[in-house]
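Q: I have a structure I would like to understand better, so I am pasting it below and will then ask my questions one at a time.
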Amino acid sequence: MIIILENHISEENTERIEKTLVSFGFQIHKSVGVERTIIGAVGVKPNFDTRNIRVMEGVADVYRITTPYKLAGRDFHEENTVINYKGVEIGGNKIVMMSGPCSVENEGQINRLAEIVAKSGAQILRGGAFKPRTSPYSFQGMGKEGLQLMRKAADNNNLLVVTEVMQNDQIDMIYKYTDIFQVGARNMQNFSMLKELGKVDKPILLKRGIAATLEELLMAAEYILSNGNPNVILCERGIRTFESYTRNTFDLSAIPVIHKKSHLPIIADPSHATGLRDQVPSMARAAVAAGADGLMIEIHDEPEKALSDGPQALLPVNYLQLISELQLIAQAIGRTL
Ligand code: PEP
Ligand code: MN
């Protein structure tokens, strides 16, 4: 931590700041310049609140040098994390596709869509059985029956399953049917659930909250990692801004930023990021070009009848076309898809 003192700080205030730093357990290194004095404080703990120093009289600014996310950060883990689950690698050279409907709606629907997902060469079937809906009057998901249908459809097509968990008491039941637990944007800071998912031996797909900073996303991942589960996949799915022409604002820059700050894989979800079908392909292409380790894409063969998120679902024909475009982009940046 670097503490910059005010120009004409009194000796008394300087001493008080130094003593306070020592009392917090820091080793201090003072550098006195012509105009300014700077104190380097070594030994900052991950949970140290820098505001304790910032509020002191005579302090101009405080900068934290080390990151508070020790396990999610690259500082102590330089190599990329490559998750290997049942033979599917996430975070390696191959870009993984997690595709399927927003919600599992009935047996025919999930079977037809699973076939298309498999045909496209994707590895993972997505689909919600427990849905976080803005309105309590909207379709809330099929629950356990939806999980059973999705598991069967995935197994018949040699696919893995990713599905959302919304609360702690669903974990054991969903565990029986899923390969990857999805934590939705609205639950990114459901800390008690993150702790419980830290004890699970399956990968966790952690979506960025609608108003979460990337540091908050990495701290949420830290909850899972510090409770024992190393297999966390991050997901950029758009954030809330003042823009109204898109459902969310797709923060593409999150991808290179996360890659720099963290060793964890990051995928992108252009479906929820834009909310409209015609905007999904271009943002999917952009995400692959930006270095995403995977994509989550919603598809539906009868989107006008979909029980959730129909307007953002790609039709199978458009989805298959998109996949062939993404393959070219992947090849251009030395990856496969
Ligand atoms: C979903 O994947 O269907 C979903 C609800 O996503 P998000 O949490 O990103 O809104
Ligand atoms: Mn959806």
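The values are calculated or read from the model by the stated rules, or taken from the named source; none is laboratory data. For clarity, every value in this text was computed on a predicted model and none was experimentally measured. Backbone-built Cβ (ideal geometry, glycine too); neighbour counts: all protein chains shown. Note: accessible area is taken over every heavy atom of the protein model, side chains too, but ligands, DNA and RNA are not part of it. Shrake-Rupley method; radii C 1.70, N 1.55, O 1.52, S 1.80 Å.
Q: Farthest toward the dipole's positive end in the chain, which of Ile83, Gly310, Ile266, given Cβ charges of +1 (Lys, Arg) and -1 (Asp, Glu) about the Cα centre?
A: So the residue we want is Ile83.
Q: Now, a different point. When the chain is modelled as a GNM with alpha-carbon springs shorter than 10 Å, which of Lys305, Lys30, Lys144 fluctuates the most?
A: Per the Cα network of the chain with a 10 Å cutoff, Lys30 tops the list.
Q: Next up: Looking only at Met56, Met98, Met173, which one moves most when the chain is put into a Gaussian network model with springs between Cα atoms under 10 Å?
A: Greatest mean-square fluctuation among the candidates belongs to Met56.
Q: Please state the relative contact order of region 29-72 as a whole percent: Cα pairs under 8 Å, 6+ residues apart?
A: Relative contact order, region 29-72: 28 percent.
Q: Taking only Cα atoms of region 2-63, what ratio of Rg to Rh do you get with Rh as the Kirkwood inverse-distance radius?
A: 0.93
Q: Using a probe of 1.4 angstrom, how much of the accessible area of the chain is carbon and sulfur, in percent?
A: 51 percent
Q: Using alpha carbons only, how many degrees (0 to 90, rounded to 10) separate the axis of helix 280-290 from the longest principal axis of the chain?
A: 50 degrees
Q: In addition: In what order, largest first, do Ile95, Ile38 sit by accessible area if the probe radius is 1.4 Å?
A: Ile38, Ile95
Q: Given the protein chains as shown and a 1.4 Å probe, how many square angstrom of Met219 are accessible, to the nearest 10?
A: Counting only protein heavy atoms, the figure is 60 Å².
Q: Based only on the alpha carbon positions, what is the Kirkwood hydrodynamic radius of the chain, in angstrom?
A: 21.5 Å
Q: Sticking with this one: Enter the Cα centre distance for the pair region 210-284 and region 144-166, rounded to the nearest angstrom.
A: 23 Å
Q: Asp201 accessible area, nearest 10 Å², 1.4 Å probe?
A: 110 Å²
Q: So with the 1.4 Å probe, I'd like the accessible area per residue for the chain, rounded to whole Å².
A: 46 Å²
Q: What size of dipole, in debye to the nearest 20, comes out for the chain about its Cα centre when the only charges are +1 on Lys and Arg C-beta atoms and -1 on Asp and Glu C-beta atoms?
A: It comes to approximately 360 debye.
Q: Specify the angular offset, from 0 to 90 degrees and rounded to the nearest 10, of the alpha carbon long axis of helix 107-119 from the longest principal axis of the alpha carbons in the chain.
A: Taking Cα atoms only, the helix is inclined about 70 degrees.
Q: Just from its helices, what would the mean residue ellipticity at 222 nm be for the chain, if runs of 4 or more DSSP H residues each count -39500 (n - 2.57) and the sum is divided by every residue, rounded to the nearest 500 deg cm²/dmol?
A: After summing the helix terms and dividing by residue count, I get -9500 deg cm²/dmol.
Q: Between their Cα atoms, which of Lys70/Lys94; Lys202/Lys305; Lys45/Lys260; Lys144/Lys202 are more than 29 Å away from each other?
A: In this structure, Lys202/Lys305 lie more than 29 Å apart at Cα.
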